[in-house]
Amino acid sequence: MDIGFWGNLEKRVRTEWLLVTIGMAVLVLGLAFFSNPLGLTRLDHAFYDKMLGATAHAIDNDDIVIIAIDDNSINQMGYWPWRRAVHGALLDKLQQARVVGLDFLLSDVNPAYPDDDAILAQAISRHGRVVLPQVIQAHGEVVRPLAPLGQAAAAQGYINIFPDKDGVIRSLRLFDNAEPVPHQHFISAMLTVAGARDSLLPIKNHTGPLLISYAGNPGHFTLYPYVQVLNGNIPPETFKGKYVLVGSWGSGLGDAFPTPLSRDGEAMSGVEILANGLQNAIGDHWIRTPAPWLSAVLACLPVLLVCMVLRRLSPRQSFLATLVTLTLVFAGSWLLLRQAQVWVPLTASIIGVALAYPVWSWRSQEAALQHIDHELQALQTERHGLDGAYTDHESTERDGSLSSRVTQLHGAISQLRRAHEKREETLRFLSHDMRAPQNSILALTQLQKATGTALSEPELLRRVDAYANQTLELVDGFVQLARAEGMVLSPQRMDLVELLAQCCDDLWAQARQQHLLIQFEEPEEPAWIQGNPSLLRRVCRNLLDNAIKYSPADTLIRCSLSPGPGVWVLTIQDQGRGMNAAQQRTLFTPFTRFHDDQPDNPAGAGLGLAFVQTVVRRHGGTLDVQSQEGLGSTFRISLPASA
């Protein structure tokens, strides 16, 4: 893997980061603009209700009072609706009120008491500051109070309350641009009659719904039972300069709605919702929402922040930063709602931030894995180009999992490490092992030129012959080890019994020359395996040759084959000098030899056992040695059996 690879990877990751950032920004903008069709408004409402419940703080306003048509009043005065003359008597008790709003319809004639309408109209006219309600029906028709009553009233206004799709009342619409004549809301009419129309100036151009900042849970406003006021139990001075709302509070009148502050199904009466709206209008406590485009931009900011963080931090740090950003989104929304009375829908931001991390991880990993695949393919091609070599037990089929790519990358790195080690071995072989006998030959020729140090011709030839054979042995061992590591095995079905018997026969003469006996304990059945005959034959010859070299005269070398669980075990045991534990740990390291300083030590290159271990490993087998100084050595090779 060169520098160009990592440079291309960095460019690819940077491009992926830019694409992810742009894609997430477009996604969040789309979610913010089309939250209603996509059904995200319900989530926004859920977040809003929780936030409002967490930020709500009591706003006391003694200027607003409610006269409740409650259950107790109905029990004392009889079934609802009451006679309109009764309402006229109530208005006479409220002469000192700043304005009175009657939150019940007076649109039907009562034939049982035809004079009551005139009595109520006179009471309304005497008061002079009474507001009557209207209702705008679905098809646009307006239900108004009876003409005498409407003419006597100081103003009229619609009392429609429009719940959201989940039935919760979160907002009021104070202005209606109906054609040809706009309608004013009941609250607007009360403020106009009370001489406080300036309170409507901040929202005079706002035709959409206004979010209500509720003063508290149901029952927050000062409330007086209707019957108590009518009977004079509440002094008329109590209502001096007050905004008075008269409406139903009874459990059976059906004028109650859920609100964001409702708990355990507790509803709020319509007249109290109007009182909350009136308080919001008087003190300009409405909860504002930014324009749609501004809300979309604000929703994008946390996502852009997360994308910038993902580009710079590690995966673990990025994950923690994503969680922190989500926490900041909630905390920021809570602070804006509590301190600035501003609500910014946050569902689009939450979705964007939550998706940014997995999407970025997916794209960055895809970029990295594609480059890794490219480099692995290049490495595979290069390996096949080197004498057709490849790693036998590496699967050539790749799946798309990360673990598979990591395993392949680990294998490639291991190969690079082995190539580096092999390079170091080759350099050592050329610089030391190969040069040593050649230098010795050159030294002999220099000595031979001087008359005082010249050797006899037989001695000179003997020494040159020994050094030349040492060189050839080194070259042969090195070449054989390299071939064992890199050549294609081309395994075939073979019988280990026949192979080991042939090797024992080949080395019988050499053993007899050293006064040694090779004993082969042949099994009764063939020992079938899948392997390369030439490599395994050399393995057996190397082990037998070592046993012969390092065994004293008149000793026995035992060879045997025995079956094991799914394997055949080849054992070669000698009665030679043996090895200690430290020597056994480095026994299979190339160019490792013991006791080179002893004059009777057999010649060798220290590559034979390294060759044995390499061949056994490539055949999927294991190699084990047991030895003790002075008591000989036992080598056991386990190779997978073939059916």
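When you check Ala354 against the structure, is it under 30 Å from Asp284 (Cβ atoms), at pLDDT 85 or above and not basic (Lys, Arg), yes or no? For Ala354, the condition - under 30 Å from Asp284 (Cβ atoms), at pLDDT 85 or above and not basic (Lys, Arg) - is not met. Just one of Ala112, Ala32, Ala68, Ala54 is small (Gly, Ala, Ser), farther than 30 Å from Arg288 by Cα and in contact (Cβ under 8 Å) with a residue 12 or more places away in the chain; which is it? On inspection, the qualifying residue turns out to be Ala68. Kindly indicate whether Ala56 is modelled with pLDDT under 80 and open to solvent by 30 Å² or more (accessible area, probe 1.4 Å). The answer is yes for Ala56.
Pairs needed: first member in the stretch 534-554, within 15 Å of Leu516 (Cα to Cα); second member anywhere, in a loop (DSSP other than H, G, I, E, B) and of a type in the set (Gly, Ala, Ser); C-beta distance under 8 Å; at least 6 residues apart or different chains. Going by the 8 Å Cβ cut-off, the qualifying pairs are Ala547/Gly576; Lys549/Gly604; Tyr550/Gly576; Ser551/Gly576; Ser551/Gly632; Pro552/Gly576. Suppose we keep only residues that are in a strand (DSSP E or B) and closer than 24 Å to Met579 by Cβ within the stretch 522-560. Which one would you say is most open to solvent (accessible area, probe 1.4 Å)? Taking the candidates together, the pick is Arg558. Would you check if Gly241 is assigned to a loop (DSSP other than H, G, I, E, B), surrounded by fewer than 17 Cβ atoms within 10 Å (Cβ to Cβ) and at pLDDT 90 or above? Yes. One residue stands out among those in the stretch 118-154 that are within 60 Å of the chain's Cα centre (by Cα) and small (Gly, Ala, Ser): the one that is surrounded by the fewest Cβ atoms within 10 Å (Cβ to Cβ), which is Ala138. In the stretch 181-191, the residue that is modelled with the lowest pLDDT out of those that are open to solvent by 20 Å² or more (accessible area, probe 1.4 Å) and in a strand (DSSP E or B) is His183. Residues that are touching a residue at least 12 places away in the same chain (Cβ under 8 Å) and open to solvent by 50 Å² or more (accessible area, probe 1.4 Å) within the stretch 201-218 comprise Pro202, Lys204, His206, Thr207, Pro209, Asn217, listed in sequence order. Here is the figure for the stretch 309-343: residues that are in contact with a strand residue (DSSP E or B) (Cβ under 7 Å, 6 or more places away or on another chain) and either closer than 26 Å to Ala368 by Cβ or not in a helix (DSSP H, G or I) (or both) total 3.
Working only within the stretch 484-505, note down all residues that are at pLDDT 85 or above and among the acidic types (Asp, Glu).
Of all residues in the stretch 484-505, those at pLDDT 85 or above come to 492-505.
Correct list: Asp495, Glu498, Asp505.
Across the stretch 167-180, the number of residues qualifying as modelled with pLDDT of 85 or more and either out of contact with any Phe, Trp or Tyr (no Cβ under 9 Å at 6 or more places or on another chain) or among the charged types (D, E, K, R) (or both) comes to 1. Here Gly620 meets the list (1) surrounded by fewer than 20 Cβ atoms within 10 Å (Cβ to Cβ); (2) at negative phi; (3) modelled with pLDDT of 85 or more; (4) within 50 Å of the chain's Cα centre (by Cα) almost entirely, failing just condition (2).
Kindly provide the set of residues from the stretch 244-261 that are surrounded by fewer than 21 Cβ atoms within 10 Å (Cβ to Cβ) and modelled with pLDDT of 95 or more, ordered by number. Across the stretch 244-261, there are no qualifying residues. In a residue-by-residue description of the stretch 287-309, the property of being open to solvent by 50 Å² or more (accessible area, probe 1.4 Å), of a type in the set (Ser, Thr, Tyr) and touching a residue at least 40 places away in the same chain (Cβ under 8 Å) applies to at least one position. From the list Asp103, Asp108, Asp63, Asp115, the one residue that fits, being open to solvent by 20 Å² or more (accessible area, probe 1.4 Å) and under 28 Å from Asn280 (Cα atoms), is Asp63.
The values are calculated or read from the model by the stated rules, or taken from the named source; none is laboratory data. What you see is a predicted model; the values in this text were computed from it and never measured. Glycine also receives a Cβ, built like all others from the backbone with ideal geometry; neighbour counts cover every protein chain displayed. Calculation scope for accessible area: heavy atoms of the full protein, side chains included, ligands and nucleic acids excluded. Shrake-Rupley method; radii C 1.70, N 1.55, O 1.52, S 1.80 Å.
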